[in-house]
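For reference, the structure discussed in these notes is given below.
Quick note: the coordinates plus some simple rules give every number you see, no bench work behind them. Here the structure is a predicted model, which is why all the values come from computation and not from measurement. Ideal geometry is used to build each Cβ from the backbone, glycine not excepted, and the neighbour counts take in all protein chains shown.
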Amino acid sequence: MNFASELSRNTSFPICYNLLPHFTAKGQEYTALTKCVTEAVNDGRIHTFLLADFLIHRQGFSSLQLAEKILASGGEPVVSLSLTFNDRDTIIDKLQGYYRAGVRHFLIVSGDYPSQAPNKPTRPVSEIDSVQLLMLLDDFQKKGDIAKGCVVSPFKTFESEQVWQYEKLRRKIRVGADFIITQLGYDIRKFDELIRFCALHEIAAPLVANIRITDMQTARLVQARSIPGVKIPSPLLHTLHEEASNRQGALGRAAKVLAVLKGLGYDGALIGNHSTDFSEVKQVLDKAEALQNDWQNFLDELNFSDAESSFYYFRKDPQSGLNRGETASVALKHFPSPTYSFSYFVDWLVYVPRGPLFKLTGRFCHFCSTRKFWYTFLWLLEYVSKGVLYGCKMCGDCTLYACGFLCYQSGCPKKMLNGPCGGSSEGYCEVFPEKKRCYWVKVYHHMKGVNQHVTFVAPPIPARDTSLHRTSSWINFFLGKDHRKMNFDDS
């Protein structure tokens, strides 16, 4: 069975079993995971399994071992490649290792910022983001025999968070993502929103709904921020408190969610559970099949939306409680910031080929590039001016123009360049919750106009050339050394 191919078939609804929750379970044994895999394959309804790429030193086995066991059992592994602890060379080497073992499906994720866990380094690598890794996989893409998945969260609270999530999704699709998996969430209207957004922007990649059998144990993990970027809506939290230790309530709810999301039009599902007892997942599948024809009857019961505090991209349909086709009124209504307006004007003046000072500045930068004194002078001028205005780190490959004239090197702890990660919550950074606003929320505020959704037309930005670090980005731009590859002579 080929998971990506099955997702593209109208008559199929493949289920992927999420093994990720078990990777951090205390005392989790390899035999328990492999037993779960074997039972799932024998059941006949699940053949695909999602696992994370990192060594499980505490349990004494690796992700590659588990992937090979899944293949030997007749299943198909989808390996989640996290960029948190890997630079571009390391991640490509790992992908090639999995490829040689027979793995053909990969989920490309930026990864959670490291906590003080025993088997993790204390600082992330943060060299490239998920969009940039997808751009680096051209050789595999030309072969056409691997499938690359991406993740999006339609569950963000604020317009400034949600619009950027969707923009980053569009960039991922543009650079070759083959299927889309949602981040964990519980708002059915938001699930419906993602389907409508993809239809509006002609995104044809298959959608996979992320479902987890959720009880108070999961809720405690979410509230402790052990699952970054995920929140339990207040109505659902109230229901979980009422259920207490009633496990059947969680199983029944997961089955109804599965039936509803299949009815809404999702192409497949990713099912997770904190227990390796496959019989519980089997119960969910059995119940979902029995309830499928009546899925619309459960919309009210599963309405866990925070409509008063959350931003929705589309207007609400009062009859179904879901969405209508037209986009909603925007929440933010203000002009771009003065710093953005000033910087935009200077950028047009100097860096746009038709700008009044473009050719003059270009000639001066070419002149400075071959003269040590003048190069040093221009470098110091850039260092001081951009340091004061933007907190510039002198990476040598400037992207201020694409990020609301806010430096991502100093502004984002995870160095996300093509849009936010999925870890923000209520507009706050995953790394500094309730202390620091998400960098991309700030970018949105800088770029936001009046009475319109922000439209970001800039193409995806490739991974920066690290050899340019601590050099002048002004000179690099006019010499064609940065990612924009400007040919000044042809301008």
Query raised in the report: P(r) for region 285-380: what percent of alpha-carbon pairs falls in each 5 Å bin, starting at zero?
Result: 2, 9, 10, 10, 9, 8, 6, 6, 6, 6, 7, 7, 6, 5, 3, 0
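Note down the relative contact order for region 3-326 as a percent, whole number, built from C-alpha pairs under 8 angstrom at least six residues apart. If you can, show how the numbers build up before the last one.
Working: 525 pairs, mean separation 58.1, N = 324.
In percent, rounded to a whole number, it is 18.
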Report task. Can you quote the Å³ per residue value for the convex hull of the Cα atoms in the chain, rounded to an integer? Result -> 158 Å³
Query raised in the report: Mind checking the angle between helix 278-291 and the chain's longest principal axis? C-alpha axes, 0 to 90 degrees, to the nearest 10.
Result: 90 degrees
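Suppose the chain between ARG315 and TYR344 were pulled fully straight at 0.36 nm per residue; how much longer would it get relative to their current alpha carbon spacing?
Details: separation 29, 0.36 × 29 = 10.44 nm, distance 3.29 nm.
Stretched fully, the ARG315-TYR344 segment lengthens by 7.2 nm.
If we sort 356-365, 126-135 on the protection proxy, mean other Cβ atoms within 10 Å, highest first, what's the order? Spell out each step's value before the answer.
Details: 356-365: 15.6, 126-135: 24.0.
Listed from highest to lowest mean packing, they are 126-135, 356-365.
Would you compute, from DSSP H runs of 4+ residues alone, the mean residue ellipticity of the chain at 222 nm, taking -39500 (n - 2.57) per run and dividing by the full residue count, rounded to the nearest 500? Present the calculation step by step, with values, prior to reporting the outcome.
Values: 18 runs with 199 residues, N = 491.
My calculation for the chain gives -12500 deg cm²/dmol from helical runs alone.
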Report summary line: The distance between the Cα centres of region 391-448 and region 226-304, in whole Å, is 34 Å
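First measure r as the distance between the Cβ atoms of ARG100 and SER8, then evaluate 1/(1 + (r/R0)^6) with R0 = 35 Å and state the FRET efficiency to the nearest 0.05. Intermediate results must be reported in sequence, preceding the final value.
Details: r = 26 Å, r/R0 = 0.74.
The value I calculate is 0.85.
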Query raised in the report: What ranking do 245-258, 162-175 get when scored by the average of other Cβ atoms within 10 Å per residue, highest first?
Result: 162-175, 245-258
Requested in this report: Specify the angular offset, from 0 to 90 degrees and rounded to the nearest 10, of the alpha carbon long axis of helix 159-174 from the longest principal axis of the alpha carbons in the chain.
Outcome: 90 degrees
Report summary line: Taking 0.36 nm per residue of separation between THR90 and GLU308 and subtracting their Cα-Cα distance, the length gained on full extension comes to 74.0 nm
Report summary line: Most packed first (mean Cβ within 10 Å per residue), the peptides 214-227, 402-415 order as 402-415, 214-227
Requested in this report: Treating the angle as unsigned and between 0 and 90°, give the value, to the nearest 10°, between the Cα long axis of helix 358-369 and the longest Cα principal axis of the chain.
Outcome: 80 degrees
Report summary line: the chain: antiparallel bridges as % of DSSP beta bridges, rounded to 5, reads 15 percent
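With 10 angstrom as the radius, rank SER275, SER12, SER110 by how many other C-beta atoms surround their C-beta, starting from the fewest. Working shown, then result.
On the way: SER275 17, SER12 12, SER110 27.
The most exposed by this proxy come first: SER12, SER275, SER110.
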